[in-house]
Amino acid sequence: MSTEQRRLGFLADGQLFLCDGAGKEDSHTSSFVDGLRGRLQSIKDRNEWKSMGSGAQFMRGGLPTGGGAFEVDHFRAEFSSGAFHPADGKLVYAIDAGDVRGLFTYDQAESHEQRMLHGPKHRFASIDIRKKDEDSEEWLLAVMADDGTSRIGLLTPHRGGGVREITEGDSIDSYPVWIPGEARRFIYQTSGIARNRDGMWAGLGPAGLHMVDLDKGSMKTLLEDEHTDYLCPACGKDGEMYCLQRPYQPFRKPSLITSLKDIVLFPVRIVQAIFGFLNVFSKMFGGKSLTTAGAPKREGPDPKAVFLYGRWMNMEQMAREAPEDEAKSAVPKSWELRRRRKLDDAGELIASGVMAYALGSDGTVYYSDGRGVHALPPGGGPAVQVSKRRLVTHLFAS
């Protein structure tokens with residue numbers, strides 16, 4: 001399949017898929033991740049003799065060995081965002097492999113991956129690229145830190161120097177998108193972080209949309225409401241603004257009953273913590289767990305839960321509790337995709353029960369409802385399913 005045919009990409013469970021829009025899709029793998037996994041396997045192979053057979057007995061002075069778990073056995077790398085380069089159609093993506101994160105481009109015609117930036121400091125959650133002229137371009141990135149905050153960053157590959165953070169504050173700033181035109185303006189989503197007296201995360205405020213003018217050094221609030229989350233902005237070719245919106249669910253302080261329950265259960269949790277430590281100690285030096293009941297714990301994310309825009313969504317629970325008319329979508333019908341030509345109107349409803357979406361350059365609207373990926377043609381008409389992939393949480397198109 002040629003580069004021109006690969007007009008749609010999406011992420012599901014940390015994997016990246018490319019689709020031709022006609023139902024054919026392929027998963028994309030990274031040579032960087034394959035190489036990292038191979039190096040970890042090589043380290044395991046070189047050190048395995050220390051924990052097995054006579055070599056282990058010699059290293060441990062005859063003490064019993066439990067085999068041990070090497071890092072490669074728990075290694076997991078995820079694609080955290082994706083985009084198509086607006087100039088040459090190359091695939092651009094971010095990877096999170098634990099302590100190693102990075103930005104990469106991939107030439108589909110040449111099957112060549114190039115590392116743009118990598119290191120342990122930041123996780124990149126969204127990408128939008130603007131071509132300034134023939135020799136320069138600017139990349140907008142959502143740059144997430146390990147403390148839970150997120151900033152909008154600017155990368156200029158032709159200059160080097162890494163990512164410059166544009167926004168600041170105790171907030172989650174994400175999903176930046178350039179506004180078409182010559183001016184260096186962009187829109188992004190932001191939510192303030194609420195913390196308790198100990199500085200711990202307590203919840204998120206309503207998500208709003210802000211606009212930044214880099215040339216003027218100014219910022220303007222576009223959409224904000226205490227009862228509504230405005231999410232994932234995008235700009236159409238005719239100047240319309242698209243975004244998801246859903247009812248805001250305010251965080252709640254623990255009730256008196258919950259606080260009393262925590263006090264009563266404190267001794268039980270202390271015992272559980274001690275048992276957990278002894279269980280790890282037993283597995284490390286004796287090779288056996290203190291418990292035998294239950295299946296082994298699955299590594300990686302819970303397939304029943306997805307983290308979407310600051311909120312954990314338990315898909316199994318939602319499927320049980322959903323009304324009959326919402327059974328076809330994995331998220332509530334109140335999660336709406338709307339298009340606005342003016343900021344002061346309610347916007348035109350494009351689709352409901354939307355998990356993620358993307359705009360094609362020809363005006364096609366692609367969206368995921370958690371049960372599959374659908375396309376709305378630019379001239380109107382019913383949605384057409386282009387993929388049966390479930391729980392797609394990020395889409396990008398060319």
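So the values come out like this:
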item: Of residues in the stretch 193-239 being outside any loop (DSSP other than H, G, I, E, B) and on the phi > 0 side of the Ramachandran plot, the one surrounded by the most Cβ atoms within 10 Å (Cβ to Cβ); result: Cys232
item: Residue match in the stretch 188-208 (condition: hydrophobic (A, V, I, L, M, F, W, C), more than 20 Å from Ile95 (Cα to Cα) and free of Cβ contacts under 8 Å to residues at least 24 places away in the same chain); result: yes
item: Residues satisfying the stated conditions in the stretch 101-159, i.e. out of contact with any strand residue (DSSP E or B) (no Cβ under 7 Å at 6 or more places or on another chain) and of a type in the set (Asp, Glu); result: Asp107, Glu110, Asp133, Glu134, Asp135, Asp146, Asp147
item: Of all residues making up the stretch 344-366, the number that are outside any loop (DSSP other than H, G, I, E, B) and of a type in the set (Ser, Thr, Tyr); result: 3
item: Residue in the stretch 173-194 that is basic (Lys, Arg), within 19 Å of the chain's Cα centre (by Cα) and at pLDDT 90 or above present; result: no
item: Identity of the residue in the stretch 367-384, in a strand (DSSP E or B) and touching a Lys or Arg at 6+ places or on another chain (Cβ under 9 Å), that ends up nearest to Cys243 (Cα to Cα); result: Ser368
item: Breaking point among (1) farther than 30 Å from Ser126 by Cα; (2) at pLDDT 80 or above; (3) not β-branched (Val, Ile, Thr), for Pro267; result: (2)
item: Segments classed as strands (runs of 3 or more DSSP E), wholly inside the stretch 95-160, with at least 2 members that are of a type in the set (A, V, I, L, M, F, W, C), buried (at least 17 other Cβ atoms within 10 Å of the Cβ) and in contact (Cβ under 8 Å) with a residue 12 or more places away in the chain; result: 100-107, 123-133, 136-144, 150-155
item: Filter pass, Ala183 being free of Cβ contacts under 8 Å to residues at least 40 places away in the same chain, over 24 Å from Leu223 (Cα atoms) and of a type in the set (Gly, Ala, Ser); result: no
item: Subset of the stretch 344-368 (residues that are surrounded by fewer than 12 Cβ atoms within 10 Å (Cβ to Cβ) and of a type in the set (A, V, I, L, M)); result: Ala346, Leu349
item: Matching residues, the stretch 372-398, being farther than 21 Å from Gly82 by Cβ and either in contact (Cβ under 8 Å) with a residue 24 or more places away in the chain or surrounded by 18 or more Cβ atoms within 10 Å (Cβ to Cβ) (or both); result: Ala383
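The values are calculated or read from the model by the stated rules, or taken from the named source; none is laboratory data. Note that this is a predicted model, so its numbers are computed, not measured. Positions of Cβ are backbone-derived with ideal geometry, glycine not excepted, and every protein chain shown enters the neighbour counts.
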